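The structure appears right after this line, and notes come after that.
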Ligand code: NAD
């Protein structure tokens, strides 16, 4: 069984670390938020007062942080993880969703220090994190992937090796750009249906077996009612926060700019989610874009 240092115990990292404990691994966690540490302790993990303490003696280090800057801070700054763990040569696995450039830069710094690293962002939301059914999209060498696979299997159901360093992040931002656009599409359909006098449950029942079906429609319906456990039925409590979706779509648009890729709907989706955030709804689930849209005027 592995000795794991886990940094970032938020909505996703908390339950992921708890599943590693459940699988019999020894997990020591660190988070800036004391409440998150308490939850890990309740789940049977150990807690630490710093990233250095959490990763001391670990054979595997896992991070689940908000964005690229946090990942750079934790791994690269003076006294950061790469510097403090390099003698013990643990495998580093970053599960955060971040830009491809940062993923490649941090991996390159790890390799220079003699360490193996994977970028392993996830899909499946907080329910997937809790139930250990996440999909992992992994970038890194074959050797690093083979080393990390069993640990990822304790937190997820589908573990995909997407390619070399950064490839996991590349898949993830494309996935989330598609999801962001799709959620807006489903929202528009449900709004129009309402104006046309249709019942949302009926629309859902029919479209879930028709050509417009998608995960956003069948499992995460943004209109309240048809999918009882969707965030739309609990005032859009996350789930996956709109601010994080805006961050991910922004990453996709930066990548599209860098590669000269035409993504007009991705650009429009970014404008919508950014407005949701600017209007103070960034902490709500990203499906709140439905309610936001229902408050807009046509024109
Ligand atoms: P979160 O904000 O709930 O958790 C992040 C945690 O990191 C927080 O508890 C925060 O205190 C901690 N943190 C920040 N800086 C730190 C530091 N320097 N040292 C220690 N701890 C630090 O976010 P989340 O929803 O768990 O998402 C984490 C990542 O997973 C993001 O990149 C997000 O895009 C991605 N993601 C989230 C979901 C989802 O449904 N929530 C789904 C897929 C991917």
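Its Cα gyration tensor gives the chain an equivalent ellipsoid, and the semi-axes of that ellipsoid, as √(5λ) in whole Å with the largest first, are 36, 21, 17.
Using C-alpha pairs under 8 Å with a sequence gap of at least 6, the mean separation divided by the residue count of the stretch 170-294 gives a relative contact order of 32 percent. For the chain, the longest principal axis of the Cα atoms and the long axis of helix 264-276 meet at an angle of about 90 degrees. Over all orientations, the stretch 201-274 has a Cα convex hull whose mean projected area works out to 5.7 square nanometres. From the Kirkwood radius over Cα pairs of the stretch 1-48, Stokes-Einstein at 4 °C and 1.567 mPa s returns a whole-number translational diffusion coefficient of 130 µm²/s.
Taking the convex hull of the alpha carbon positions in the stretch 3-165 and averaging its projected area over all directions gives 7.8 nm². Each DSSP beta bridge with both residues in the chain is either parallel or antiparallel, and the antiparallel ones are about 15%. Taking every C-alpha pair closer than 8 Å and separated by at least 6 residues, the mean separation divided by the residue count of the chain gives a relative contact order of 13 percent. Over the alpha-carbon set of the stretch 170-294, divide Rg by the Kirkwood Rh and report the Rg/Rh ratio to two decimals. Checking Rg against Rh, the ratio lands at 0.98.
Roughly how tilted is helix 100-112, in degrees to the nearest 10 and between 0 and 90, from the longest Cα axis of the chain? The two axes meet at around 10 degrees.
No value in this document is a laboratory result; all are computed from the given coordinates. If you're wondering where the values come from, they're calculated on a predicted model, not measured in any experiment.
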